[in-house]
1. How many residues, within region 79-97, are surrounded by 16 or more Cβ atoms within 10 Å (Cβ to Cβ) and either of a type in the set (Val, Ile, Thr) or more than 19 Å from ALA131 (Cα to Cα) (or both)?
2. Can you tell me how many residues in region 180-198 are closer than 19 Å to PRO72 by Cβ and out of contact with any Pro (no Cβ under 9 Å at 6 or more places or on another chain)?
3. Do we have GLY154 as closer than 14 Å to GLY9 by Cβ, surrounded by 24 or more Cβ atoms within 10 Å (Cβ to Cβ) and in contact (Cβ under 8 Å) with a residue 24 or more places away in the chain here?
4. Could you list all residues from region 49-100 that are out of contact with any helix residue (DSSP H, G or I) (no Cβ under 7 Å at 6 or more places or on another chain), under 17 Å from ARG38 (Cα atoms) and not acidic (Asp, Glu)?
5. Taking the options THR55, THR78, THR19, THR36, name whichever one is among the hydroxyl-bearing types (Ser, Thr, Tyr), touching a Ser or Thr at 6+ places or on another chain (Cβ under 6 Å) and closer than 27 Å to ASP189 by Cα.
6. I'd like to know if region 54-75 contains one or more residues that are assigned to a loop (DSSP other than H, G, I, E, B), over 21 Å from ALA178 (Cβ atoms), in contact (Cβ under 8 Å) with a residue 60 or more places away in the chain and not small (Gly, Ala, Ser).
7. Within region 98-145, work out how many residues are among the polar types (S, T, N, Q) and surrounded by 15 or more Cβ atoms within 10 Å (Cβ to Cβ).
8. Can you name the condition, by its number, that GLY109 falls short on among (1) in contact (Cβ under 8 Å) with a residue 24 or more places away in the chain; (2) in contact with a Phe, Trp or Tyr (Cβ under 9 Å, 6 or more places away or on another chain); (3) in the same structural domain as ASP182 (by TED's automatic domain parsing)?
Amino acid sequence: MIIPARFNGPPDSANGGYTAGVLARYVASPTGAVVTLRQPPPLATPLDVNADGATIEVYDGDRLIASASPAPGPLSQTVPAVSWVEAMAVSQTYLGNHSHPFPTCFVCGPQRPPGDGLRLFPGCLPDGRTAAPWIVPEDVEPALMWAALDCPGGWAIPSMGGADDASPHRPYVLGRMAARVDALPAAGDGCVVMGAFLGQEGRKADVISTVYGPGGAVLARSRATWIALA
């Protein structure tokens, strides 16, 4: 397993959602997969994938990078959607345009050139949900759906950029993600990706995300734990 260099989150490690989606390919389960990231996933590095029963582990030498297993139950929660027009409008308020811990992130980095990266810019709605319009790329596949679910959830964390926080933009990284992809959109479709904050305990924040297709159908959903960096 190799994560190509273009799929970065922080400059020197892979985007967590994309990495989780690649690892989820090895998990056959109707309920989806849950992936735990143990170390920053290295880029452009051959990684060993080992199976121990239903658990899949990825190693860089003797370092455990991530593990994956079937999701223990169906992912039922979704974030209520807004329209494409509303998502377009709120994305203009994306805080990452002005202050971003990882501005070249494959998913939400504003410094990625046009045509490279997903260019998901989730703005925050008055109730704390985030919404981002997404024009689906030609190479859409399940791992990209996991990536699309990733950052809109993170930006809903109040201390990272969500509403009603006095000191936004504290850096967080993905720690664990459970997701299920029900259907792929077509290349060129205009989807809406929603994120919502559920709660926080210490450095761990709990979020959910949902990808909606052009007709309003739920295409993918996730629940994730993000970890605040020291």
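The values are calculated or read from the model by the stated rules, or taken from the named source; none is laboratory data. Everything numeric in this text was worked out from a predicted model, so none of it was measured. Methodologically, a virtual Cβ is constructed for each residue, glycine included, from the backbone with ideal geometry; neighbour enumeration extends over all protein chains shown.
1. 3
2. The total comes to 2.
3. So GLY154 fits the description; yes.
4. The answer is VAL49, ASN50, ALA51, THR55, TYR59, GLY61, ARG63, LEU64, ILE65, SER67, SER69.
5. Of THR55, THR78, THR19, THR36, the one residue that is among the hydroxyl-bearing types (Ser, Thr, Tyr), touching a Ser or Thr at 6+ places or on another chain (Cβ under 6 Å) and closer than 27 Å to ASP189 by Cα is THR78.
6. no
7. 2
8. (1)
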